[in-house]
Amino acid sequence: MLEIKNLHASIDGKEILRGINLTVNAGEVHAIMGPNGSGKSTLSNVIAGRDGYEITQGTVTYKGENLLQLKAEERAQRGVFLAFQYPVEIPGVSNIYLLKAALNAVRKYQGLDDLDAIDFLTLVRSKLELVKMDEEFLHRGVNEGFSGGEKKRNEILQMALLEPSLAILDETDSGLDIDALKTVSDGVNALRSSDRSIVMITHYQRLLDYIVPDFVHVLSEGQIVKTGGKELALELEAKGYSWVNKNA
Amino acid sequence: MPETEQAQELQQIDDVLDSDYKAGFVTDIEADTFLPGLSEQTVRDISRIKGEPEFLLEWRLKAYRHWLTLETPKWAHVHYPEIDYQSISYYSSPKQNKDGPKSLDEVDPELLRTYEKLGVPLDERARLAGVAVDAVFDSVSVANTFQDKLAEDGILFMPFSKAVHQHPELIKKYLGSVVPYRDNFYAALNSAVFSDGSFVYIPKGTRCPMELSTYFRINAANTGQFERTLIIADDDAYVSYLEGCTAPMRDENQLHAAVVELVAHDRAEIKYSTVQNWYPGDKNGVGGIFNFVTKRAACRGESSKVSWTQVETGSAITWKYPSIILQGDNSVGEFYSIAVTNNMQQADTGTKMIHLGKNTSSTIIAKGISAGRSQNSYRGLVRIGANAENARNHTECDSLLMGDQCGAHTFPYIEVKNPTAQIEHEASTSKISEDQLFYCKQRGLDVEDAVSMIVNGFCKQVMRQLPMEFAVEAQNLLGLSLEGSVG
């Protein structure tokens, strides 16, 4: 699904990623953990195609295609989805309008016709249940006045609708209370499948109690310094990130 | 944000904004056009060619003599070279039967094709059943649909020049009653040389069963368009009226100086919507229409209501303040505006709400979107007269900036002479953020769709005031006007 080799990326001439190597196969769930400033968000932004990063070395291959030469929207249309850490508000644009535009952009790339209004609504309603959201959400402005939990659930709603092949969840647990964390995690777990890969970026082990990963990677100073199974997260939690740095 | 990225983003903004002007073609048609120049003789010639009654010629001449004493107003936040009024032709009419076409069969097919191309088919069968059209081409009305059907309800909808002959008493009574020829420089000029426009009269207690619309097209080169629209809604009447405008792409500037007068009697309501898409000039500010327009409504009767809704995307310069005089007690005035400027466009637009009656209320929602190197100003006056007990006004002005070379300005004027007034004014300025764009792109939308979506969201409050058929056109136009503007 995703193969990252020796990836170096900088912003404003400052190198943030210093040789990332990561292989994610279809159906796997990977967690990337690391302290603040280790390059977690940079990695997700680079995969999603945000402007402003300079790739100085390395390759990112997605389904056999060179991901780095595609524009952000082209990556999205091919099934790369980023659940944002801070979903932005778009005043006046209703949630349902964005959802429809996004779904139709993906369908267009797949050579499918736009869904008509009735089919679309039926589909969205079925996804709303997954994240326990009311239909009323659809008609509010995109993230406008949403609470932190509502914003994160809205991201998972979009993921459920767009059915990406590769989903990157950037600090999806941040700012959530336990109930909201459970709802969001249940949504993500329901979306686990053998043809979908998930990369979770997180600072805390807590999320991994709810969404159990196949692999855990520890990112430090722009490099993956340790890889292991889910028990690595517990060890990290107990010993702190300084433990990894010493062992690296 | 790093500098290179910012530059890149600005470049993308520019690219989105540089779209083709879709209405920029020229119709090749034979026309009777006056030689350039303006004198008392020009005014007499226009009046003669239209066979006008003496009172109208007299009124034109008074206006012309008054205009000679006036100077070009300089207070607006726009800059342009002095207009040479002697280099403009004041009348151009496509060649047609002397009395004008009796039916569409007599209209030059080339003209029908022009309107077809602009998305305004004049064939009644092809039209949406709910819209009647008056098509004004340069100085004259070339076609007018559904007149007979409307006449069954006593509704008059016809070219202004025809109304002068058929209903001189109404023209005499109302012409200049809201915008006197002494009002301002451009209104005086228009009063002297106006050539055609639309006339609407809705009788007492009548709700106009369809949308009425006028489509203005400037075609001839070096010609000014000076139309005059007069709409009267008698007691308890209702009408919704739409106005659209386009012009060919030409390197020289062309002048458009219109006057619109609306009169609403007791409990009458007039809804007036404009989608203005005059040619804005090219990227470097060459060519484009100078749009100097005086629009004013009088809510004369008690509990009468007037709404102006405008989507202004075109013109090199826009100078326009659709206003409402709230004379009748409990009368209501509304102004909803979207003004988009791109490249070198300049817009100075807003409204005046003059509260004279008791319990009058007004709402102003103005959305300005500036891109490129354009300048976009909102200028609005709210005046509460001494006798206007319990008058209320709510004003909201929001500006959206794209890129870092454009300007947005707000000039609110508030004059209150009655202590019971309640006035609210809110203003905001924002930018389309890189976060918003990336968010949309990450959901699969390309830059143009993303910008169009964000801008339409910003304009939603105004958009939803537009009649359905117009709203779709306006939405597309917003997208097109800003094509190439953001990355």
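The values are calculated or read from the model by the stated rules, or taken from the named source; none is laboratory data. Just so you know, these numbers come straight off a predicted model, no measurement behind them. A quick note on method: Cβ atoms are made from the backbone with ideal geometry, for glycine too, and the neighbour counts reach across all protein chains shown. Heavy atoms of the whole protein, side chains included, go into the accessibility calculation; ligands, DNA and RNA do not. Shrake-Rupley method; radii C 1.70, N 1.55, O 1.52, S 1.80 Å.
Of the residues A:Ala83, A:Ala101, A:Ala76, the single one that is buried (at least 22 other Cβ atoms within 10 Å of the Cβ) and within 8 Å of chain B (Cβ to nearest Cβ) is A:Ala76. For the stretch B:221-330, the strands (runs of 3 or more DSSP E) that sit wholly inside it and include 3 or more residues that are at pLDDT 95 or above and not hydroxyl-bearing (Ser, Thr, Tyr) are B:228-233, B:259-264, B:269-276, B:288-299, B:305-312, B:323-326. Cβ contacts < 9 Å: first residue at the interface with another protein chain (Cβ under 9 Å from one of its Cβ atoms), restricted to the stretch A:48-66; second residue of a type in the set (Phe, Trp, Tyr), any location; separation 6+ or different chain. Result? Pairs found: A:Ala48/A:Phe81; A:Ala48/B:Phe438; A:Gly49/B:Phe438; A:Arg50/B:Phe438; A:Asp51/B:Phe438. Evaluation of B:Thr206 against the conditions (1) modelled with pLDDT of 95 or more; (2) among the polar types (S, T, N, Q); (3) crowded, with 22+ Cβ neighbours inside 10 Å shows that the sole unmet condition is (3).
Residue-by-condition table, conditions (1) away from chain B (no Cβ under 13 Å); (2) at pLDDT below 95; (3) more than 19 Å from B:Leu445 (Cβ to Cβ):
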site: A:Ile96; (1), (2), (3): no, yes, no
site: A:Asp113; (1), (2), (3): yes, yes, no
site: A:Leu128; (1), (2), (3): yes, yes, yes
site: A:Glu150; (1), (2), (3): yes, yes, yes
site: A:Ile168; (1), (2), (3): no, no, no
site: A:Ser174; (1), (2), (3): yes, yes, yes
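May I ask you to verify whether B:Ser374 is under 24 Å from B:Trp75 (Cα atoms), within 14 Å of chain A (Cβ to nearest Cβ), without any contact (Cβ under 8 Å) to a residue 40 or more places away in the chain and crowded, with 23+ Cβ neighbours inside 10 Å? Here the answer is no, as B:Ser374 does not meet what is asked. Within the stretch A:136-176, the residues that satisfy the criterion of being open to solvent by 60 Å² or more (accessible area, probe 1.4 Å) and in a helix (DSSP H, G or I) are A:Glu136, A:His139.
Selection within the stretch B:356-371: residues that are open to solvent by less than 10 Å² (accessible area, probe 1.4 Å) and more than 23 Å from the chain's Cα centre (by Cα). The member of this set that is farthest from B:Thr313 (Cα to Cα) is B:Gly357.
State whether one or more residues within the stretch A:122-135 are under 30 Å from A:Gly39 (Cβ atoms), among the hydrophobic types (A, V, I, L, M, F, W, C), part of a helix (DSSP H, G or I) and open to solvent by 10 Å² or more (accessible area, probe 1.4 Å). Within the stretch A:122-135, none of the residues are under 30 Å from A:Gly39 (Cβ atoms), among the hydrophobic types (A, V, I, L, M, F, W, C), part of a helix (DSSP H, G or I) and open to solvent by 10 Å² or more (accessible area, probe 1.4 Å). Annotation: of all residues in the stretch A:1-18 being surrounded by fewer than 16 Cβ atoms within 10 Å (Cβ to Cβ) and modelled with pLDDT of 95 or more, the one that is nearest to the chain's Cα centre (by Cα) is A:Lys5.
Which of the residues that make up the stretch A:217-231 are open to solvent by less than 30 Å² (accessible area, probe 1.4 Å) and under 24 Å from A:Gly58 (Cβ atoms)?
Pass one, the stretch A:217-231, residues open to solvent by less than 30 Å² (accessible area, probe 1.4 Å): A:217-220, A:222, A:228-229.
Those that are open to solvent by less than 30 Å² (accessible area, probe 1.4 Å) and under 24 Å from A:Gly58 (Cβ atoms): A:His217, A:Val218, A:Leu219, A:Ser220, A:Gly222, A:Gly228.
Annotation for the stretch B:183-200: at least one member residue is outside any strand (DSSP E or B) and among the acidic types (Asp, Glu).
Each row is one residue, and each column tells you yes or no for (1) under 16 Å from the mean Cα position of the chain (by Cα); (2) open to solvent by less than 10 Å² (accessible area, probe 1.4 Å); (3) among the aliphatic types (A, V, I, L, M).
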site	(1), (2), (3)
A:Asn21	no, no, no
A:Val24	yes, yes, yes
A:Gly27	yes, no, no
A:Asn36	no, no, no
A:Asn45	yes, no, no
A:Ala48	yes, yes, yes
A:Asp51	no, no, no
A:Thr56	no, no, no
A:Leu70	no, no, yes
